[in-house]
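The values are calculated or read from the model by the stated rules, or taken from the named source; none is laboratory data. Quick caveat: nothing in here was measured; it's all calculated off a predicted structure. Note that each Cβ is placed from the backbone with ideal geometry, even for glycine, and that neighbours are counted across all protein chains shown.
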Amino acid sequence: MTTTVVFFSKRVSFTIYDARTKMNFEENIIKRQNSSEYFDTVIGHIEDIVIGEEFQRMVNQFMECYYYEFEPGEENKIVYTEIYQKYTNMIEAYIVEHLNRKMSCFDMDLFAMELENKKTQLNGEIFELLYTLTDFLAFKDMVLDYKAFKEGVYDDLSKGISVTGLQK
């Protein structure tokens, strides 16, 4: 609520915050001051979310429904875009909903900005999953890997490996 008063012959406007607005304002200041700590906290919560059975089941059900649509190669069919959009909407909504339960001050825009800024420094499964939300080719690779696994068509690394004993 903005109020205007006359103070020493000058018109002054100021905003009155209720307790909730003040708390949100203070949380925003804190998270922007400690963005690296904030980022690490969010990543920790996301790791907890994605290792959960419910999340794993949701992703597997999605892959089961759509993996057969994808083919290796440079060509990207229109249906890929539709499937990708469904995937990003589903995963993003799930993660954001659970983060909002865990953190009163979760800010997706701030997190996405930090993720993009640190993209070259980050590796690991959690980041690969997050990149599938912003990088179509990462998503396509993930689906093709799933398809190869389902169809039993994957590189057998045991071929070409030979084990020999040490001679004394």
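Kindly check whether there is at least one residue in the stretch 57-66 that is in contact with a Leu (Cβ under 8 Å, 6 or more places away or on another chain), on the phi < 0 side of the Ramachandran plot and surrounded by 12 or more Cβ atoms within 10 Å (Cβ to Cβ). Step through it out loud before you land on a result.
Step one: filter the stretch 57-66 for residues in contact with a Leu (Cβ under 8 Å, 6 or more places away or on another chain), giving none.
Checked against the condition, which is being in contact with a Leu (Cβ under 8 Å, 6 or more places away or on another chain), on the phi < 0 side of the Ramachandran plot and surrounded by 12 or more Cβ atoms within 10 Å (Cβ to Cβ), the stretch 57-66 yields no hits at all.
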Exercise. Restricting the search to the stretch 96-111, which residues are touching a residue at least 12 places away in the same chain (Cβ under 8 Å) and within 19 Å of Phe55 (Cβ to Cβ)?
Worked result: Val96, His98, Leu99, Lys102, Met103, Phe106, Met108, Phe111
For this session: Look through Tyr154, Tyr131, Tyr146 and report the one residue that is at pLDDT 65 or above, of a type in the set (Phe, Trp, Tyr) and more than 22 Å from the chain's Cα centre (by Cα).
Result: Tyr154
Exercise. Within the set of pairs 6+ apart or on separate chains, which have a first residue in the stretch 112-140 that is under 26 Å from Phe62 (Cα atoms), a second that is aromatic (Phe, Trp, Tyr) and surrounded by 15 or more Cβ atoms within 10 Å (Cβ to Cβ), and C-beta atoms under 6 Å apart?
Worked result: Thr132/Phe139; Phe136/Tyr84; Ala138/Tyr131; Phe139/Tyr84
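For (1) assigned to a helix (DSSP H, G or I); (2) in contact (Cβ under 8 Å) with a residue 24 or more places away in the chain, each residue gets a yes or a no:
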position	(1), (2)
Glu54	yes, no
Arg57	yes, no
Tyr66	yes, yes
Gly73	no, no
Val79	yes, no
Tyr87	yes, yes
Met90	yes, yes
Tyr94	yes, yes
